[in-house]
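Report on the following structure.
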Amino acid sequence: MAAARRDTRGIVGAADFLARVDFRRPDAAEPLRAYVEYYWLIDWDLPEPYVSHVVPHPAVHVVFQHFEGQEPFVEIAGVQHGLFTQKLEGRGRVCGIKFRPGRFRAFAPDRPVSAWTGRRVRSPEVLPDADLAAVLAPDDETARVAALDAFLLARDPRPDPQAELAAALVERARTDRSIRRVTELARTEGMSVRLLQRLFAAHVGVGPKWVILRYRIHEALERAESSDKLDWATLAADLGYADQAHLVRDFTATVGVPPTAYAAQGGGVG
């Protein structure tokens, strides 16, 4: 099995989070890697409650969960617009699947991905055969990953050129700093803004403007956690903002505190 990755982009207060839980990101089986960015496994045994915060990516997750004192369950978590908050206490285990942007619909083809946006749906009809025990019971990480692989492979996903196009455009928005507006992203593919928005609704779940802005915030979070003396005006320009005030507005609306306060708190929210 491939080594677990340590990328923590999007996790608010990543250092504090990693100090409290056992967190790994192993890869899926080779045939699934076009669809799955990674699995994420969390185990915890906490003496006191802890609240985790994540600035979501434009990705759908399927999450197998077992919290102490509750029955295990699985849910589909569509793309969340705001800060994702989860209280952890006692002992528990989560085994999640993070789908690549644009790729989840291969596993639930009967509805657009936007139908899941902002929702967390337990035991949905699209997952009637999910084996909770196979995924959550083993202490061995390899066994858990194998169970997740088997669960997805049984669904026999098929390539879709439109999904591949949507995924490529999301990746372009993430990596190409010259793309600052939806019109610019549409122009790279020679398509209209309206057609681009329909493509994203069907296969990504959120609009292209949301995607462009969200990746800017992820970059700002990472810089805030890795630098003691960050020049926010320069960062705003690097990320394509018209000025520092616009970055501060988007950061505060997404994370809940202004960027300077976030940095002063050591990369956390109150």
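The values are calculated or read from the model by the stated rules, or taken from the named source; none is laboratory data. Just so it is clear, the model here is predicted, and its values are computed rather than measured. Backbone-built Cβ (ideal geometry, glycine too); neighbour counts: all protein chains shown. What goes into the accessible areas is simple: the full protein's heavy atoms, side chains included, and nothing from ligands, DNA or RNA. Shrake-Rupley method; radii C 1.70, N 1.55, O 1.52, S 1.80 Å.
Of all the stretches in the chain, which is the longest one without any exposed loop site, taking GluC sites (Glu not before Pro) in a DSSP loop (any state but H, G, I, E, B) with at most 14 other Cβ atoms within 10 Å?
Looking at the chain, 126-270 is the longest stretch - no exposed GluC sites (Glu not before Pro) with at most 14 other Cβ atoms within 10 Å.
Within a Cβ distance under 14 Å of Ala143, other residues only, what is the Lys/Arg minus Asp/Glu net charge?
-3
Where Rh is the Kirkwood radius over the Cα pairs of segment 188-270, the temperature 20 °C and the viscosity 1.002 mPa s, what D in µm²/s does Stokes-Einstein return?
In µm²/s, the coefficient rounds to 153.
Would you mind giving the average projected area, over all directions, of the Cα convex hull of segment 1-119 in nm² with one decimal?
7.8 nm²
What lysines sit close enough to Lys209 to cross-link, taking a C-alpha to C-alpha distance under 29 Å and skipping anything fewer than 8 places away on the same chain?
Lys98
Between Thr260 and Asp156, take the C-beta separation as r, use R0 = 51 Å, and let me know the FRET efficiency to the nearest 0.05.
The pair Thr260/Asp156 has a calculated efficiency of 0.55.
If we count every other residue with Cβ under 10 angstrom of Arg181's Cβ, Lys/Arg +1 and Asp/Glu -1, where does the sum land?
Here the count lands on +2.
Roughly speaking, what is the centre-to-centre gap between segment 212-265 and segment 108-137 when only Cα atoms are used, to the nearest Å?
Distance between centres, Cα-based: 33 Å.
Modelled label-to-label distance, Glu189 and Glu71, 7 Å Cα→beta-carbon offset: nm?
Rounded to a tenth, the inter-label distance reads 4.2 nm.
Only loop residues by DSSP count here, and only those with at most 16 other Cβ atoms within 10 Å; note down the trypsin sites (Lys or Arg not before Pro) in segment 197-253 that meet that.
The qualifying sites are Lys229.
Taking a 1.4 Å probe, which of Asp27, Asp238 shows the most accessible area, and what order do the others take after it?
Reading off the accessible areas and sorting them downward yields Asp238, Asp27.
Which translational diffusion coefficient, to the nearest whole µm²/s, is obtained for the chain from the Stokes-Einstein equation, given a Kirkwood hydrodynamic radius over C-alpha pairs, 20 °C and 1.002 mPa s?
110 µm²/s
Starting from the Cα of Thr142, move 7 Å in the Cα-to-Cβ direction to define the label point; list residues of segment 33-70 whose amide nitrogen is under 16 Å from there.
Counting backbone N atoms under 16 Å from the label point, the list is empty.
Starting from the Cα gyration tensor of segment 59-126, multiply each eigenvalue by 5, take the square root, and state the resulting semi-axes largest first in whole Å.
Taking √(5λ) for each eigenvalue gives 23, 13, 10 Å, largest first.
With Cβ to Cβ distances under 12 Å as the rule, what net charge do the other residues near Pro258 carry (K, R +1; D, E -1)?
Within the 12 Å Cβ shell, the charges total 0.
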